[in-house]
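Following: one structure in structure tokens, then a few remarks.
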Amino acid sequence: MPLLQKSRSLLLASAVAGVVVASGATLAGTAEAATTLGASAAQTGRYYGAAIAAGRLGDATYTGILNREFNSVTAENEMKWDATEPSQGRFTYTNGDRILNQGIAMGAKVRGHALLWHQQEPGWAQSLSGTALRSAMINHVTQVATHYRGKIYAWDVVNEAFADGGSGGRRDSNLQRTGNDWIEAAFRAARAADPAAKLCYNDYNTDGVNAKSTGIYTMVRDFKARGVPIDCVGFQSHLGTTIAGDYQANLQRFADLGVDVQITELDVAQGGNQANIYATVTRACLTVSRCTGITVWGIRDSDSWRTGENPLLFDNSGNRKAAYTAVLNALNAGGTGSPSPSVPPSPSTSPQPGGGCTATISLNSWTGGYVATVRVTAGAALSGWNVTVTLPSGGAVTSTWSATANGTTGTVKFRNADYNGQLTSGGSTEFGFQGTGTAPTADPVCAAA
């Protein structure tokens, strides 16, 4: 995870030298090909995002590219512990809210980064240990996740907790010294504070199958077996001039555990292979059905933390580079289709016909409540849609995102938001809602608006 004004040497032990597949992806029907990264990713139900800084939002070139190209944003530093709780118990969200509001204005997903990290702790937290630190840590997760409740697509709950090298074990830190269950405790606190957000573990040097990625794999497998709430794993993918030959296979083995995978901080050192590597990463995500999206760590080369390596898709002046074209072509060439839901779908997920569109629902339920994710798929092109959901008696909708709800109990009709009503033939989008009581058992019905 890049620090603000910090130069960290890249540890590319996982980057296995080898022949990289040539970037020969072509547009699948140029007339229908999307012309921006976000739009092309959305065609397969994915996002293509950028990490952004609040201090650069006044730069017209920067925000112009951001608004045009991306459908997801991640805060570079503004949601970290030192930024949101500079003194114990005093929370400030001004710059984090600027990132959130930028994402909302764009109609983009917002990734929260990062609730807990051994770096960029405020000074007061660095001085704590043991029970005092554990209590402060859980309170921080609870307060920040509650502030953004229902507004964050996915949280990097814990960042970079595993050590580099061949041990595959945990990194020593003041957080780790509070007890080996600290990661589990953080995920449980995050779920309680914001049940709708996808909860991710995020790390670097995990691009191929190696000791570090296997250590994380073992943790995730254990969490899934014991019911610890984890929905996704983030692969930072700060790459040099090579990429691990088993990059895609590594993503797939995590997906096979029943979690989503996300490329969270992609940047690639400029050189003869830059465009090729970007395209390879893109194709890997498109091939792994549970890879839900890609985030590049910055917009222009001049915005990157990797000074002098020019690792991004746009040059210092904001011009598209060859790597940009390689990514766009790979996205438009498509993959295996839309990502799978991060939780197993309920038994009632068969599409129902209704005026040119269908809707499916997946559920994450607990005693007394649930979060529902509804995917809308167009049969023919749509300019708007309505989805009707029948709630069991005694239940109610308490919050909705990416749609507008008409009613909260009984038969509830959801209408598209301004930014996701237009769908091409076969295109899809998602919205969600949180409810109390028993989750819906009847299939949703979709109709053109």
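The values are calculated or read from the model by the stated rules, or taken from the named source; none is laboratory data. Please read these numbers as outputs of a predicted model, since none were measured by experiment. As a convention, Cβ positions derive from the backbone with ideal geometry for all residues, glycine included, and neighbour counts pool all protein chains shown. Side chains included, ligands, DNA and RNA excluded: accessible areas come from the protein's heavy atoms. Shrake-Rupley method; radii C 1.70, N 1.55, O 1.52, S 1.80 Å.
Some notes on this structure:
- Residues in the range 249-301 that are more than 18 Å from the chain's Cα centre (by Cα), under 25 Å from Arg68 (Cα atoms) and aliphatic (A, V, I, L, M): 5 in all.
- Of all residues in the range 203-254 being of a type in the set (Ser, Thr, Tyr), within 17 Å of Ala279 (Cβ to Cβ) and in a loop (DSSP other than H, G, I, E, B), the one that is least open to solvent (accessible area, probe 1.4 Å): Ser237
- Of all residues in the range 55-65, exactly one satisfies the criterion of being among the small types (Gly, Ala, Ser) and within 15 Å of Trp305 (Cα to Cα), namely Gly55.
Yes or no, residue by residue, for (1) assigned to a loop (DSSP other than H, G, I, E, B); (2) among the aromatic types (Phe, Trp, Tyr); (3) closer than 18 Å to Arg226 by Cβ:
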| site | (1), (2), (3) |
| --- | --- |
| His140 | no, no, no |
| Thr146 | no, no, no |
| Ile152 | yes, no, no |
| Val157 | no, no, yes |
| Gly166 | yes, no, no |
| Asn174 | yes, no, no |
| Arg188 | no, no, yes |
| Leu199 | no, no, yes |
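- The listed residues are Arg177, Arg90, Arg170, Arg98, and the only one of them that is among the basic types (Lys, Arg) and within 21 Å of Ser402 (Cα to Cα) turns out to be Arg98.
- Looking only at residues in the range 411-429 that are assigned to a strand (DSSP E or B) and of a type outside the set (S, T, N, Q), the one that is most open to solvent (accessible area, probe 1.4 Å) is Arg415.
- Pairs, first in contact (Cβ under 8 Å) with a residue 60 or more places away in the chain and more than 14 Å from Ala197 (Cβ to Cβ) in the range 147-176, second polar (S, T, N, Q) and buried (at least 18 other Cβ atoms within 10 Å of the Cβ), C-beta under 8 Å, six or more apart: Asn159/Asn202; Glu160/Asn202; Asp164/Asn205
- Among the residues of the range 382-392, none is identified as open to solvent by 40 Å² or more (accessible area, probe 1.4 Å) and either free of Cβ contacts under 8 Å to residues at least 24 places away in the same chain or touching a Phe, Trp or Tyr at 6+ places or on another chain (Cβ under 7 Å) (or both).
- Test: Ile104 is surrounded by 19 or more Cβ atoms within 10 Å (Cβ to Cβ), modelled with pLDDT of 95 or more and not small (Gly, Ala, Ser): no
- Inside the range 114-136, residues that are out of contact with any helix residue (DSSP H, G or I) (no Cβ under 7 Å at 6 or more places or on another chain), part of a helix (DSSP H, G or I) and closer than 17 Å to Trp182 by Cα make up a count of 4.
- Among the residues here, Thr408 does not qualify as surrounded by fewer than 20 Cβ atoms within 10 Å (Cβ to Cβ) and assigned to a strand (DSSP E or B).
- From Glu85, Glu121, Glu76, residue being acidic (Asp, Glu) and touching a Leu at 6+ places or on another chain (Cβ under 8 Å): Glu76
- Flag if Met1 is among the aliphatic types (A, V, I, L, M), in contact with a strand residue (DSSP E or B) (Cβ under 8 Å, 6 or more places away or on another chain), modelled with pLDDT of 95 or more and within 21 Å of Ala125 (Cα to Cα): no
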